[in-house]
Amino acid sequence: QVQLVESGGGLVQPGGSLRLSCAASGIIFSGAIMGWYRQAPGKQRESVASIIGGLTTNYADFVKGRFTISLDNAKSTVDLQMTSLNPKDTAVYYCYARSLGTNYWGQGAQVTVSS
């Protein structure tokens, strides 16, 4: 059974940094797509970053150069390091996994960027 549990959300000032972590169980990173999506109020959920097969990373244009996705195989976590945050980054961030044709989602972590 696959479980994804996010942590690390919160309130941060513009220009600040935040790190999200997703504890993943029941999934093998090398055979999956792991990633982060976000959903701002009144907007559709959008892809932020992903890592395929534990190797290839992809980023949405609006986070390139600011966000970094990484895997920690020892801890079984998928992390999203976010820097140079701005108010447009305010959203609920969801951990995502796709394995053997099935999609899995975490419960979401609120990130608020405000002064």
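For residue 21, all conditions in the list (1) open to solvent by less than 40 Å² (accessible area, probe 1.4 Å); (2) touching a residue at least 60 places away in the same chain (Cβ under 8 Å) hold save one; what is the number of the exception?
Looking at each condition in turn, residue 21 falls short on (2).
Give the number of residues within region 2-59 that are in a strand (DSSP E or B) and of a type in the set (D, E, K, R). Before you say what the answer is, go through the steps one by one.
First pass over region 2-59, keeping only residues in a strand (DSSP E or B): 3-7, 10-12, 18-25, 33-39, 46-52, 56-59.
Narrowing the set further to residues that are of a type in the set (D, E, K, R) leaves 6, 19, 38, 46.
Qualifying residue count, region 2-59: 4.
On the given criteria, is residue 69 among the hydrophobic types (A, V, I, L, M, F, W, C), open to solvent by 50 Å² or more (accessible area, probe 1.4 Å) and modelled with pLDDT of 95 or more? Reasoning before the result, please.
Working: among the hydrophobic types (A, V, I, L, M, F, W, C): yes; open to solvent by 50 Å² or more (accessible area, probe 1.4 Å): no; modelled with pLDDT of 95 or more: yes.
Considered against the rule, which asks whether it is among the hydrophobic types (A, V, I, L, M, F, W, C), open to solvent by 50 Å² or more (accessible area, probe 1.4 Å) and modelled with pLDDT of 95 or more, residue 69 comes out as no.
Only one of these conditions is not met by residue 89: (1) more than 19 Å from residue 114 (Cα to Cα); (2) buried (at least 19 other Cβ atoms within 10 Å of the Cβ). Which number is it?
The number of the failed condition is (1).
For region 92-115, which residues satisfy the criterion of being open to solvent by 20 Å² or more (accessible area, probe 1.4 Å) and hydroxyl-bearing (Ser, Thr, Tyr)?
94, 96, 99, 102, 104, 112, 114, 115
What are the pairs with Cβ atoms under 7 angstrom where one residue, in region 62-73, is assigned to a loop (DSSP other than H, G, I, E, B) and the other, located anywhere, is among the aliphatic types (A, V, I, L, M) and open to solvent by less than 80 Å² (accessible area, probe 1.4 Å)? Sequence gap at least six, or different chains.
Hits for this filter: 66/82.
The values are calculated or read from the model by the stated rules, or taken from the named source; none is laboratory data. Bear in mind the structure is a predicted one, so any value in this text is a computation, not a measurement. Note that each Cβ is placed from the backbone with ideal geometry, even for glycine, and that neighbours are counted across all protein chains shown. Side chains included, ligands, DNA and RNA excluded: accessible areas come from the protein's heavy atoms. Shrake-Rupley method; radii C 1.70, N 1.55, O 1.52, S 1.80 Å.
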